[in-house]
1. Can you tell me how many residues in segment 765-802 are closer than 19 Å to Gly732 by Cβ, of a type in the set (Val, Ile, Thr) and open to solvent by 10 Å² or more (accessible area, probe 1.4 Å)?
2. Output the residues belonging to segment 834-868 that are modelled with pLDDT of 90 or more and among the small types (Gly, Ala, Ser).
3. Does Thr915 meet the test of being in a loop (DSSP other than H, G, I, E, B), at pLDDT 95 or above, surrounded by fewer than 18 Cβ atoms within 10 Å (Cβ to Cβ) and at negative phi?
4. Being among the β-branched types (Val, Ile, Thr) and either closer than 20 Å to Cys495 by Cβ or over 41 Å from the mean Cα position of the chain (by Cα) (or both) is the filter here, so list the residues in segment 428-462 that pass it.
5. Could you grab me the full set of residues in segment 454-474 that are touching a Lys or Arg at 6+ places or on another chain (Cβ under 9 Å), open to solvent by 30 Å² or more (accessible area, probe 1.4 Å), part of a loop (DSSP other than H, G, I, E, B) and closer than 18 Å to Arg421 by Cα?
6. Taking segment 975-1021 on its own, how many of its residues are on the phi > 0 side of the Ramachandran plot and of a type in the set (S, T, N, Q)?
7. Output the residues belonging to segment 144-170 that are closer than 26 Å to Ala589 by Cβ and surrounded by fewer than 20 Cβ atoms within 10 Å (Cβ to Cβ).
8. I need the full set of residues from segment 484-503 which are under 36 Å from the mean Cα position of the chain (by Cα) and at pLDDT below 90, in order please.
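The values are calculated or read from the model by the stated rules, or taken from the named source; none is laboratory data. Just so it is clear, the structure is predicted and the values come from calculations on it, not from any experiment. FYI the Cβ positions are ideal-geometry reconstructions off the backbone, even for glycines, and counts take in every protein chain you see. These accessible areas exclude ligands, DNA and RNA; they are computed on the full protein's heavy atoms, side chains included. Shrake-Rupley method; radii C 1.70, N 1.55, O 1.52, S 1.80 Å.
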Amino acid sequence: MEQPQSPSLGLPGEMRPGRPLGGTTEAAGPGLSPQPLAAVLDSMRKQELRPGGETGQGHPASSPAEQVKALVDLLAGKGGQGSQAPQPPNRTPECPLKPRGNGRPMDGHPSPRLTSLLMVEGLTDLQLREHDFTQVEATRGRWCSAKTIALDRLFLPLSRVSIPPRISITIGVAGVGKTTLVRNFVHLWARGQVGKDFSLVLPLTFRDLNTHEKLSADRLLRSVFPHAGEAGLASAVLSKALLVLDGLDECKTPLDFSNTVACMDPKKEIQVDHLITNIIRGNLFPEVSVWITSRPGAAGQIPGGLVDRMTEIRGFSEEEIKTCLEQMFPEDPVLMGWVLSQVQADRTLYLMCTVPAFCRLVGAALGHLHRKRPGPPDAELWPPRTLCELYSWYFRMALGGEGQEKAKASPRIEQLAHSCRKLVGTLGRLAFHGLVRKKYVFYEPDLKVLGVDLVLLQTALCGRFLQREETLASAAAYCFTHLSVQEFLAAAYYCSASKRAIFDLFTEGGVSWPRLGFLTHFRSAAQRAMQAEDGRLDVFLRFLSGLLSPRVNALLAGSLLTQGEHQGYQAQVAELLQGCLRPDVAVCARAINVLHCLRELQHTELARSVEEAVASGGLLTSPPHRAALAYLLQVSDVCAWEAPLPLCLSPGVLQSLLPQLLYCRSLRLDTNQFQDPVMELLGSVLSGKDCHIQRISLAENQISNKGAKALARSLLVNRSLTTLDLRSNSIGPQGAKALADALKINRTLASLSLQSNRIRDDGARSMAEALATNRTLSVLHLQKNSIGPVGTQQMADALKQNRSLKELMFSSNSIGDGGAKALAEALMVNQGLKSLDWQGLDCGARERALMGALCTNQTLLSLNLRENSISPEGAQDLARALRTNSTLKSLDLTANLLHDQGAQAVAEAVRENRTLTSLHLQWNFIQAGAAKALGQALQLNTSLTSLDLQENAIGDEGASAVASALKVNTVLTALYLQVASIGAPGAQALGEALAVNRTLEILDLRGNTIEVAGAKALANALKVNSSLRRLNLQENSLGMEGAICVATALSGNHGLRHINLQGNHIGESGARMISEAIKTNAPSCTVEM
């Protein structure tokens, strides 16, 4: 549970003096008269009881107990004339490094995170079983939900036929802002902006309820309104009221719905946990709406059938992290940028900064430390690299650690250090035993049991780590400023206590077998952490491991640790931790946490070896390797957007990784020889309600129709997958049908590739039927599938109706005359398709129908007509279409039969066309005549940016014609002239053009014979040209002399980024010399030799 101040009790904004609480005198009852209510409202205005904000501004809010007591005193007439604002008691001094709230200040607007909550359909296994840190890391700091609900509709029906929720739960990890959300809601309700149906909002915390052993429903209300009469009490209950129970995870006793006796008597005293379960069941206060906030794990205590609505508070987005840091350092953008760079440098740290409280803690610590940059003794310890190092700096500065430097030793400093050690020891013992007992809030009896000196807790230094808060029962409640602070102190205590402890520190009663030596105690901690099903000891174990690193020991020596303490155990602890990685069926979160521990220990060899194996495609088999791979999927920058796992997974390894794959955004599982049983496993992952996978590639495996059917079943329920790549498998017509049937229901998949799967006409027919109803699929690849005229006709009919498909790849099928004509007719009608791949369909004899379609189609942007035997006559028809068409941007005519006549016709069309940006004409038997026509067209065209003429014998004459165009053309950026029979004269013409041209960025002359003379001409051009970025002179007979000319010319060129000089007979020594010359003359240029 996060630690911001709890909410104040507000009153409706439309209340004015003389009006009762519920809007009418009758509703208020005799116990709630208008006069004290007016006084309350006036008092709240004067007192300005508003909570602290996300920016940490505004007056600090008093505790809920203080605010409720103030309200009660006013209602009872104890406030004098009702106009004196109650005075909150003195607060413990606040640490400047402490996070101060997770919502915006009440005098501004609430954070968008807190005005729109995520709608969730229950808790996931991850939320029920894992530590908050683990939840954030496993989900990569992303909160995925298709639906959101505005704060002002949180307790309203979702539709006209539904009813308002009675039991609502809002979940969120520690520090995400649950208490701040409640506070925001109460404040907005008091102003009449939300919850207008509620006449009373009663915010209580479990910290308050924990002070009672037994309580009745009647006394629960009287604890807040002790002076309200019977009629007033009944009126408050029967009128529309909202009971807020904040912080279920802090409840002293877990709720047990299976063994709680039903109670319907509001006057009967029962245990507090039984009271809460009866309220939730509706046995008590059946007409009152109940809103509970909780960390996710604790929310699982309430049966799902009793919950009417569950919402979740999302954490910071990347932009909000930056905004948060900007608000922390508004007058120092340089400092903010440095802090942000440090946070971004560590992915684990960055993921955790999606939690607002953690983000503010990290920002405050780094900002504070940057202003007091460590001196020479600590320079090698800066900046923090791990979680434990960050917290060590935090604690060192919070404890006044500057005085720890040996040069400043004095009796006063020694006395201060002793006080710090005593305080840390006390807080550490409290933190550790609380963690073991799942206790996060402490009361005076708890402190006495643990021998904590209450006087010590009143010091300002203690207030930096432990907060004190008054409860309704006038008892003080203590809690650490954040869960991670408690875990760090617990680890520091355990680390120090283990050197002298004889018995197991985890055993509450102190009765256990003797345990001697630090390693024995560390083994005990590791075993208990591995066995804890809820992961509550995971971060504790990370900190405990991190405290053994030399950097942390150097930072904390003299305060939390003794100089050199446990330094000799690093290697043994690393071995012990790796021994915890058992060959389980699945890699669990505990195993991944071991890798986090090893990193804190600065033992990263295992993770690094697995990272190298993945990069090289090595097969991973051992349990440690599997755990390290799962760890890398979470924290590696490479895996952040896509998990590249081709060639390295066996079915067994994949099965062990399934729980971790759930939260990957993109999976590439190509070429792993996966068969149908593996698809059953993947289908189960994709069917999970907490599946986050958006893209998955299974290309070139061994998937048949059975595997496709398993994936299809998952698509019926999956709501995250947008891209599925199954190319080069063997799913056949039946597999295609199963996927098509799923597409009729699925509403998220946007891209499907079935290339090379032999789906034939039957499969194409199934896909066509799906396209008739599906409105989300935008990309469909069906090339190389043996689809004939019948299947093509079905697809064409579907295209006449479908408006959502944007890209269709249909190349290399046997569509015949009828299929070609049907597709052409569909293009005349279709108004959605933007990209069509018609490669290898042999439409040379049917191009007129297609060209006619191009004249009328107004949506197609890209057309691939490669390998279609288009003749010069067909090119003329195409040219006529290009003169008319005003939308096509990319046209690929590679490997046709245009010859000079056809290419000239296309060139004439290019002179007039104003939309085409890319034209591919390679392998078309084009010679100098057509090149001249294209050169003339380029002098007039103002849209073409890329021209490909490779593998055409245009010769020097053609190259010169194109070069002449480059002198005046101002739009062409890429020119491809590979293997175009160009010699030195052509290269010289191109060199002259480059000396003038200011737009060309890519020039590819591979496979020509420009020789030394051509190289010299291009080198002279490079001395003055500033636009060219890539130059390919591979295999051009440059020799040593030509290559040196080019290399030395780069000293005056600051634009070139890549040059290829391979295959020019330079030799090894020459290559080294030229490479060094290029590095000297143009260090930013990459050279291939």
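1. Adding up the residues that qualify gives 1.
2. Residues satisfying the conditions are Ser835, Ser862.
3. yes
4. Val436, Val449, Val452, Val455
5. Leu454
6. Adding up the residues that qualify gives 1.
7. Residues satisfying the conditions are Cys144, Ser145, Ala146.
8. If the condition is that a residue be under 36 Å from the mean Cα position of the chain (by Cα) and at pLDDT below 90, then Cys495 is the only one that fits.
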